[in-house]
Amino acid sequence: ISEYQMEHTIKLFLKLGSEENIIDLFENGTIYMNTIEYFRKIEDGELRGDKYEGVSRIINSLPGTFKIKGIEREFNYIKMHLRESHNEVIGNIYSLYAMSSKGFPNPLDFEFDKRNLRFGTHCLMIKDLPYFFNKIEKVLKKNNYKFHHNFVDYYDKDEVNREITLFEKPLEFAYQKEFRFYVEDYGMKPVKIQIGSLKKYAEIFKIEDLLEVKIEPKK
């Protein structure tokens with residue numbers, strides 16, 4: 001985690017979800033990583049589902065003309081938006097909400113967006129970040145998984161004209177303040193690991209309580 005603290009400080013991680021899943025994470029350390037294909041195809045009003053997940057390049061072209069083979073005339077277009085990706089994108093993702101200097105350059109501006117309430121009813125506030133990172137990395141390595149983790153950056157999908165990485169999402173998702181683990185798994189199925197109880201390192205809250213959280217300066 002230190003490599004990210006050089007540029008951005010992470011104060012806390014929040015994992016949002018159902019009461020059942022959050023208790024399972026709290027008591028057993030159950031980490032459930034769904035496939036990128038799942039997130040590409042799920043239809044849930046741009047909450048977990050993202051049809052741009054796994055996109056390799058976005059092309060936004062200026063106005064121009066094009067021809068169709070066999071038709072002797074030119075057609076005009078105002079703007080063209082294309083996205084390129086593989087038929088199947090390999091790998092799994094585990095997402096966390098990061099209270100960090102990246103998402104909130106001024107901590108006093110912290111505000112939990114109410115759109116996050118759609119993730120479920122409860123959240124786990126993970127306070128010992130080095131412990132959490134070390135446990136996940138240890139179990140993934142033990143199971144011979146290759147993995148990466150980083151903040152998610154957000155882009156304007158109607159303006160960019162470049163390659164897109166697996167750690168980028170459209171601006172519509174910026175309120176989720178995501179930090180993600182990406183696991184290179186070729187099985188095309190969910191990955192489930194257990195890192196042990198987090199009772200000493202975390203607390204359970206109702207998600208709606210986070211709407212009242214404000215950061216105050218030390219006196």
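Annotations for the structure displayed:
- Flag for Phe112 being hydrophobic (A, V, I, L, M, F, W, C), outside any helix (DSSP H, G or I) and closer than 27 Å to Thr30 by Cβ: yes
- Among the numbered conditions (1) open to solvent by 50 Å² or more (accessible area, probe 1.4 Å); (2) over 23 Å from Glu20 (Cβ atoms); (3) not polar (S, T, N, Q), the only one that Phe151 does not meet is (1).
- From the options Tyr38, Tyr4, residue that is modelled with pLDDT under 75 and within 19 Å of the chain's Cα centre (by Cα): Tyr4
- Val213 falls short on exactly one of the conditions (1) modelled with pLDDT of 95 or more; (2) open to solvent by less than 50 Å² (accessible area, probe 1.4 Å), and that condition is (1).
- Cβ pairs under 7 Å, 6+ apart, first in the range 135-158 and farther than 26 Å from Thr9 by Cβ and in contact (Cβ under 8 Å) with a residue 12 or more places away in the chain, second open to solvent by less than 40 Å² (accessible area, probe 1.4 Å) and not basic (Lys, Arg): Asn143/Ile193; Tyr145/Val183; Tyr145/Asp185; Lys157/Tyr52; Lys157/Ile58; Lys157/Pro170; Asp158/Asn60
The values are calculated or read from the model by the stated rules, or taken from the named source; none is laboratory data. Quick caveat, the model's predicted, so the values are computed rather than measured. Every residue, glycine as well, gets a Cβ built from its backbone with ideal geometry; the counts of neighbours run over all protein chains shown. Accessible surface areas use protein heavy atoms only, side chains included; no ligands, DNA or RNA. Shrake-Rupley method; radii C 1.70, N 1.55, O 1.52, S 1.80 Å.
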